[in-house]
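The values are calculated or read from the model by the stated rules, or taken from the named source; none is laboratory data. Being a predicted model, the structure only gives us computed values, none of them experimental. All Cβ positions, even for glycine, are placed from backbone atoms using ideal geometry, and neighbour counts span all protein chains on display. Ligands, DNA and RNA are stripped out before the accessible areas are found, and what is left, the full protein with its side chains, is counted by its heavy atoms. Shrake-Rupley method; radii C 1.70, N 1.55, O 1.52, S 1.80 Å.
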Amino acid sequence: EAFLTHDSVRAAIMLYFAGDVLQAHRFLAHESESLSPEDAAKLAQLAMEMTLPHAALNIAKNVASKGAVINGAYYPLFDFGTTELPVPHELALAIIRQESEFYPRAQSSVGARGLMQVMPATASATARKYKIPYRSKTQLHNAGTNLAIGASYYRGLLEQFDYNRILATAAYNAGPSRVNQWLAKSQSKLPFDVWMTLIPYRETRSYVSNVLMYSVLYSRKLGLKTPLLTQHEKDRLL
């Protein structure tokens, strides 16, 4: 392809193999701004082949802002490798898509780090509980460590909230103590859809609906048929 000879793309490839993933992503994103949707789609595919799903997603978002869609890159898959996840892959992908957009070195203003945006204090407690090797918060930028800890923490929330993904996902975003407060206030009298609309935090309302929607989309990409909500989740009053 002609764009492969462009300086930005060549620099991105060199930086990627040199281990500078952040700069590689920046060069690819910059290059995509001047490409046609067709060439941008090919660049996004290159990013995915380079195992840079974050770059592929950003390219897809740039193209979408111009009225075109790159389906594969807008919901990229992530190679979990040998990491064993205690939650379904489609659910882990949905949380990663929402939390970090697949950027392993993401860091929030409050200190959450990595793919699943894990707080260092949460990482320490979760690693102790599940016997996951962990020494320093810098390890949260390692994809394998972050996934092991983040997925284990989410699995713990699922267990705490009777395997209800609505509640566990809200707790992942806002904290389990707040979810318990909201449940106490509603006194288990509300159907799930009403309860979701009454979540006090706008961010958490959006977070829960996005993760559930993404999990369905990723389920389809993985060849599964996971429903948006299980009957158990629909039936329980919150």
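Counting only GluC sites (Glu not before Pro) that DSSP places in a loop and that have at most 14 other Cβ atoms within 10 Å, the longest clean stretch of the chain runs over 85-238. Between the residues ASN180, THR122, ASN210, the greatest Cα displacement towards the positive end of the dipole of the stretch 84-238, with unit charges on the Cβ of Lys, Arg, Asp and Glu, is found for THR122. Simple rule: put +1 on each Lys or Arg Cβ and -1 on each Asp or Glu Cβ in the chain, find the dipole, and look at THR197, SER36, ALA68; the Cα lying farthest toward the positive end is THR197. Averaged per residue, the stretch 73-155 has 46 square angstrom of accessible surface, using a 1.4 angstrom probe with ligands and nucleic acids left out. Among the lysines of the chain, pairs that are 8 or more positions apart or on different chains and have alpha carbons within less than 27 Å of each other number 11.
Take every Cα pair under 8 Å whose residues are at least 6 apart in sequence, average their separation, divide by the length of the chain, and the relative contact order is 14 percent.
Look at where the Cα atoms of the stretch 159-238 and of the stretch 111-147 average out, and the two centres are 24 Å apart. Computed over the stretch 99-225, the percent of Cα pairs more than 22 Å apart is 39.
Annotation note: chymotrypsin sites (Phe, Trp or Tyr not before Pro) in the stretch 142-177 located in DSSP loop regions with a Cβ neighbour count of at most 14 within 10 Å are TYR163.
Note on the stretch 54-156: the C-alpha convex hull projects to 6.7 nm² when averaged across all orientations. Measuring gaps between exposed loop sites in the chain (trypsin sites (Lys or Arg not before Pro); DSSP loop; at most 16 other Cβ atoms within 10 Å), the longest gap, sites not included, is 1-65. Using a Gaussian network model of the chain in which every pair of alpha carbons under 10 angstrom is joined by a spring, one finds that among SER36, SER215, SER109 the greatest mean-square fluctuation is at SER109.
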